[in-house]
Amino acid sequence: MTIRALTTPPSAVEAEAWLAVLTAAHAVDLPQLPPPSRTEVLGRLRVAPARGRAALWAADEGVAGLLLFTDEANRHTAFLDVLAVRPDARRRGLGTALWQGVREELLSEGRTSVSALVDLGGPGEAFARSLGFENVLPMAWYVQDVRAARYAVAAAPPRPEVPAGYDMLCWPGLVPDAWAPAAARAHAAMEDAPTGELDERTESWTAQRLHAAQQLVLDRGGDLTTVAAVTPGGEVAAYTELVLPDPQGPRALQYDTVVVPAHRGRGLGRAVKLRMLAEAAARHPSLRTVGTTVADENTPMLAVNEALGYRRERGTGYFQLTL
């Protein structure tokens, strides 16, 4: 077998071959989900990450991608974004050979740990555990049917959509410059979200970092919407972000949903998610489901999602290996 380290971005031919491997693996491992979107996969390959440097490897029947963080707080660690082998080529040592290339890169860069998001119960978990990875943050994927959720909300007893003392704002694309500093400060409230024993450290949020992360979604061909509950004094008290990696696709991803500690207990988490549901249904008629991950120990967010009709789809977790 021949494994090649790819330049970034890879050529058009290499990118299409990469997509073919992911599509074949997905069809066997996650047949219940929509197949990988060309827009999303090629966008991720062609546009460099905002937080670090990508390293890519490929063989005819397998691929691996690594994100090496470059911010000072996380130069000791990295994220294994993908390691996939076509089902008809498994158990021949290709996955192990790809991992060796990844491991050599990690060691040459002086990294002391690496993490990966791994679905539970499948070949990915078995392979990760065989390499010594451990599940340091048990989570699950939850999914909401957009149309069913709208019907359920309409049939429920009426409740104020916006709690008293707050206004609801919706920002397609980048958060406006005038609100970016306040939105960045609200992002800092994610620091009390469960992280288990994950070795990745939280980087300070600034307006510039916020815009860079959002611009990356757009540059890769995706669509981003933020809904925020704001105070008369200009504070972002709560927000939620929805990303469509492929704006024409049937599935969106719920990114962060945060309520700033001083504003908790007032229904703002539910309020911003309800407003986002209405916005998404109106702006994206092809959208059918919204998926999100929630840590098993994050009981407040689990309760909010359950009330809004999310159902558990499959177990997952952040797996980590100390090198």
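Points to keep in mind about this one:
- Among GLY233, GLY110, GLY124, the residue with the largest mean-square fluctuation in a Gaussian network model of the chain, with springs joining Cα atoms closer than 10 Å, is GLY233.
- P(r), alpha carbons of the stretch 4-111 - 5 Å bins starting at zero, rounded %: 2, 12, 22, 23, 20, 13, 6, 1, 0
- Net charge dipole size for the stretch 141-315 [Lys, Arg +1 and Asp, Glu -1 on Cβ; Debye, nearest 20]: 720
- Long hydrophobic helices in the chain, taken as whole DSSP H segments with a C-alpha length of 15 Å or more on their own axis and mean Kyte-Doolittle hydropathy at least 0.5: 12-29.
- Take every Cα pair under 8 Å whose residues are at least 6 apart in sequence, average their separation, divide by the length of the chain, and the relative contact order is 23 percent.
- A rounded overall shape is assigned to the stretch 141-315, the ratio a/c of its alpha-carbon gyration tensor axes (a ≥ b ≥ c) being less than 1.5.
- Given charges at beta-carbon only (K, R positive; D, E negative), |dipole| of the chain in Debye: 640
- The alpha carbons of the stretch 173-243 stretch over 35, 34, 19 Å along the principal axes, in descending order.
- Three semi-axes describe the equivalent ellipsoid of the chain; taken as square roots of 5 times the Cα gyration tensor eigenvalues and ordered largest first, they are 34, 22, 19 Å.
- Computed over the chain with a Gaussian network model linking Cα atoms closer than 10 Å, the most mobile of ALA229, ALA183, ALA212 is ALA212.
No lab work stands behind these numbers, since they all come straight from the coordinates. Quick caveat, the model's predicted, so the values are computed rather than measured. Positions of Cβ are backbone-derived with ideal geometry, glycine not excepted, and every protein chain shown enters the neighbour counts.
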